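Please read the structure below before turning to the comments.
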Amino acid sequence: MLRVENLKVHFKTELGIVKAVDRVSFDLREGEKFTLIGESGSGKSVLAQAILRLLPENAIVAGKIIFKNRNILELSEREMRKLRGKEIAWIPQSQNSLNPVLSVGFQCAEPLIEHFKVSKRRAFSRVFKIFKFLGIESKKAKNYPHQFSGGMKQRVLVAMGLSAEPELLIADEPTKGLDANKIGQIIKIFKKINKTMLIITHDLRFADKLSDRVAVMYCGEVVEISPAKDFFSSPLHPYSKGLLDSLPSRGLKPIKGFQPSMIDSPKGCKFRERCEHSIEACKKTPPVITLNDRLVRCWLYAKRREIEKNV
Amino acid sequence: MLKGEKLKKTFKTGILRSKTISVLNDVDIEIREGETVALIGESGSGKTTLGRVLLMLIKPDSGRVIFEGTDLTKLKRKELKKLRLKMQLIPQNPEDALNPRWKVYDSIAEPLKIHGMYEHERVVEIAKKVGLKREQLSRYPWQLSGGELQRVVIARALIVKPKFVVCDEPTSMLDLSTQATIIRLLMKLQKEMNTSYLFITHDFELAELIADRILEINSGKVKSKN
């Protein structure tokens, strides 16, 4: 449905070139919930913004993003406007993304009025349906964002994303700032939504309960893509393992060291200096290894495969 | 060591301050020496308010806070200030808790300066303990990452060797791996200094892992949870 090929997003800054997204490839399958996991500063939000072309002007973008046989990166701004909200919708990270001086109902109806040129009345009746689906009372539609709690605002943002019936929904950190209870509600809502979704999060427990497949980003690169079930039971990449082990339920073991800067990140494997298994080969750029339906960017598996071949 | 008895706190909200919200309703709580008590609850349930009331950063409407035999609610400001050497807060959001115009060193040294016991060696020693590098001390908050800032506020709270510390969701803004590092650090320092922690969090799994006891706050009441 959506295919990202060798995508690079670099930013020119005074200090040098920031490689926020580097050589990223993956594909989204129809109807799946695909989660992008990574720590802050790993480039996951930038990647999502690149798909909707919402990046600031100093971004240098290369590669391909194919959506329904069109390369998004080659579309004109006018075509992009038609696509945003209608075909690919964005659920922004911050609940402050709501306009404080417009009623939430109108903000959810706006994409419909904009894209389908329907009357305000018809747009609102559709919004009420979505509100009902998400568990928001329809009389709340004329309320303003400040009258809502964090969890309710998050639902309004989801309603806004859903209103024009997009084929793909991108949700950026939908659980940020919410407590365990509210996260549970968001999981329920997301499970009910029968659409292809790209979810960006650093909340592993949330990803575990929700996703079909998981991609792990580290320092601008995708280091592993696995079905969620396999990922949480047996992660492949050493970084994935480290992340999972730092969960309280798995021993609260931190990964040593720090994420390197994206300006002069280490050559070869970027996780090398923090990795327990690092070998001589890790100084060279690691290959992407395919294991059944899983992908991992790590030398360990290349070596293992060679050994298997020789046997 | 620390006891809260029949604590009540209400806030007035709305235009004209006409609505009253009861946040704490006859809360009894006890924290013994050297133990970690986790306080869990939904957002808006009053976790932070209770933590601050126990430190007398917010005055309760009624009830008593007894710390090592003294009733804190009866103390004057000056007397309370002296006791601040023994009780400290690690705030939720270190970015907001540090003065942006001060170097990290000055923020860490501030509690000592306030109490007229400033020693350069103590600042360096605590910075080392929390894992801050020497050169980071002369930086400004915006030059440090979230995890590093969290170390700074931990250093500032622990520099006076307090007996009781309220940790108000100290890791909720951090990445998973950094979260594990900071919690390990807090646990290590607790052993060294024999401090009691009231650990406020909404992460039940985390509470289970680190706490001796878990308390849950819900509609103004505190109940113990196994």
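Going through segment A:239-280 one residue at a time, which ones are in a loop (DSSP other than H, G, I, E, B), among the small types (Gly, Ala, Ser), within 14 Å of chain B (Cβ to nearest Cβ) and crowded, with 17+ Cβ neighbours inside 10 Å?
Let us first name the residues in segment A:239-280 that are in a loop (DSSP other than H, G, I, E, B), namely A:246-247, A:251-271, A:275-279.
Subsequent filtering for residues that are among the small types (Gly, Ala, Ser) retains A:246, A:251, A:257, A:261, A:265, A:268, A:278.
Subsequent filtering for residues that are within 14 Å of chain B (Cβ to nearest Cβ) retains A:246, A:251, A:257, A:261.
A:246 - this is the single residue of segment A:239-280 that is in a loop (DSSP other than H, G, I, E, B), among the small types (Gly, Ala, Ser), within 14 Å of chain B (Cβ to nearest Cβ) and crowded, with 17+ Cβ neighbours inside 10 Å.
For segment A:34-50, how many residues are outside any loop (DSSP other than H, G, I, E, B) and over 10 Å from the mean Cα position of the chain (by Cα)?
Just the residues of segment A:34-50 that are outside any loop (DSSP other than H, G, I, E, B), to begin with: A:34-37, A:44-50.
Within this subset, residues satisfying the condition of being over 10 Å from the mean Cα position of the chain (by Cα) are A:50.
Number of matching residues: 1.
Just give me the residues in segment A:107-127 being in a helix (DSSP H, G or I) and of a type in the set (A, V, I, L, M, F, W, C), in sequence order.
Just the residues of segment A:107-127 that are in a helix (DSSP H, G or I), to begin with: A:107-116, A:120-127.
A:108, A:109, A:112, A:113, A:116, A:123, A:124, A:127 - these are the residues of segment A:107-127 that are in a helix (DSSP H, G or I) and of a type in the set (A, V, I, L, M, F, W, C).
Does segment B:3-18 contain any residue that is farther than 25 Å from residue B:174 by Cβ, within 14 Å of chain A (Cβ to nearest Cβ) and part of a strand (DSSP E or B)?
Of segment B:3-18, the ones farther than 25 Å from residue B:174 by Cβ are B:3-18.
Then drop every residue that is not within 14 Å of chain A (Cβ to nearest Cβ), which leaves B:13-15.
Restricting the remaining residues to those that are part of a strand (DSSP E or B) gives B:13.
Yes: one or more hits.
Would you check if residue B:63 is away from chain A (no Cβ under 14 Å), at positive phi and out of contact with any strand residue (DSSP E or B) (no Cβ under 6 Å at 6 or more places or on another chain)?
No.
Could you tell me which residue of segment B:190-209 is nearest to residue A:176 (Cα to Cα), considering only residues that are of a type in the set (A, V, I, L, M, F, W, C) and surrounded by fewer than 21 Cβ atoms within 10 Å (Cβ to Cβ)? Step through it out loud before you land on a result.
Looking only at segment B:190-209, we keep the residues that are of a type in the set (A, V, I, L, M, F, W, C), and these are B:193, B:198-200, B:204, B:206-207, B:209.
From the residues that got through so far, the ones that are surrounded by fewer than 21 Cβ atoms within 10 Å (Cβ to Cβ) too are B:193, B:204, B:209.
Details: B:193: 34, B:204: 17, B:209: 23 Å.
Among those residues, the one meeting the criterion is B:204.
How many residues does segment A:286-311 hold that are surrounded by 13 or more Cβ atoms within 10 Å (Cβ to Cβ) and either in a loop (DSSP other than H, G, I, E, B) or β-branched (Val, Ile, Thr) (or both)?
Total satisfying the criteria: 6.
Considering segment A:251-266 alone, what residues qualify as being of a type in the set (D, E, K, R), at pLDDT below 90 and more than 15 Å from residue A:42 (Cα to Cα)?
First, pick out the residues of segment A:251-266 that are of a type in the set (D, E, K, R): A:253, A:256, A:264.
Cutting the leftovers down to at pLDDT below 90 gives us A:256, A:264.
The answer is A:256, and nothing else.
For segment A:132-161, which residues satisfy the criterion of being hydrophobic (A, V, I, L, M, F, W, C) and either buried (at least 22 other Cβ atoms within 10 Å of the Cβ) or not in a helix (DSSP H, G or I) (or both)? Steps first, answer last, please.
Step one: of segment A:132-161, the residues hydrophobic (A, V, I, L, M, F, W, C) are A:133-134, A:136, A:141, A:148, A:152, A:156-160.
Matches in segment A:132-161: A:136, A:148, A:156, A:157, A:158, A:159, A:160.
Looking for something of a type in the set (A, V, I, L, M, F, W, C), surrounded by fewer than 13 Cβ atoms within 10 Å (Cβ to Cβ) and farther than 30 Å from residue A:40 by Cα - is there at least one such residue anywhere in segment A:82-101?
Looking through segment A:82-101, at least one residue is of a type in the set (A, V, I, L, M, F, W, C), surrounded by fewer than 13 Cβ atoms within 10 Å (Cβ to Cβ) and farther than 30 Å from residue A:40 by Cα.
Select from segment A:59-106 the residues that are more than 14 Å from residue A:170 (Cβ to Cβ) and either in contact with a Leu (Cβ under 6 Å, 6 or more places away or on another chain) or in a strand (DSSP E or B) (or both) and list them in ascending order.
Within segment A:59-106, the first condition is being more than 14 Å from residue A:170 (Cβ to Cβ), and the residues that meet it are A:59-64, A:66, A:68-71, A:73-82, A:94-96, A:98-106.
Scanning segment A:59-106 gives A:59, A:60, A:61, A:62, A:63, A:64, A:66, A:70, A:71.
Could you identify the single residue in A:273, A:280 that is within 21 Å of residue A:41 (Cβ to Cβ) and not hydrophobic (A, V, I, L, M, F, W, C)? Give the steps one after another, and end with the answer.
Values: A:280 fails: within 21 Å of residue A:41 (Cβ to Cβ).
None of the others qualify; the one that does is A:273.
At least 2 residues that are within 14 Å of another protein chain (Cβ to nearest Cβ) and modelled with pLDDT of 90 or more in each: list the strands (runs of 3 or more DSSP E) lying fully within segment B:110-226 that qualify.
Values: elements: B:164-168, B:196-201, B:213-218, B:221-225.
Qualifying strands (runs of 3 or more DSSP E): B:196-201, B:213-218.
Out of all the residues in segment B:53-63, is one or more assigned to a helix (DSSP H, G or I) and surrounded by fewer than 19 Cβ atoms within 10 Å (Cβ to Cβ)? Working first, answer last.
Step one: filter segment B:53-63 for residues assigned to a helix (DSSP H, G or I), giving B:53-54.
Okay, now just the ones that are also surrounded by fewer than 19 Cβ atoms within 10 Å (Cβ to Cβ), so none.
No: zero hits.
Please tell me if residue A:164 is under 29 Å from residue A:100 (Cα atoms), small (Gly, Ala, Ser), touching a Cys at 6+ places or on another chain (Cβ under 7 Å) and not in a strand (DSSP E or B). Walk me through it before giving the result.
Numbers: under 29 Å from residue A:100 (Cα atoms): yes; small (Gly, Ala, Ser): yes; touching a Cys at 6+ places or on another chain (Cβ under 7 Å): no; not in a strand (DSSP E or B): yes.
In short, no.
The values are calculated or read from the model by the stated rules, or taken from the named source; none is laboratory data. Computed from a predicted structure; not experimentally measured. Note that we place each Cβ from the backbone using ideal geometry, even for glycine, and neighbour counts take in every protein chain shown.
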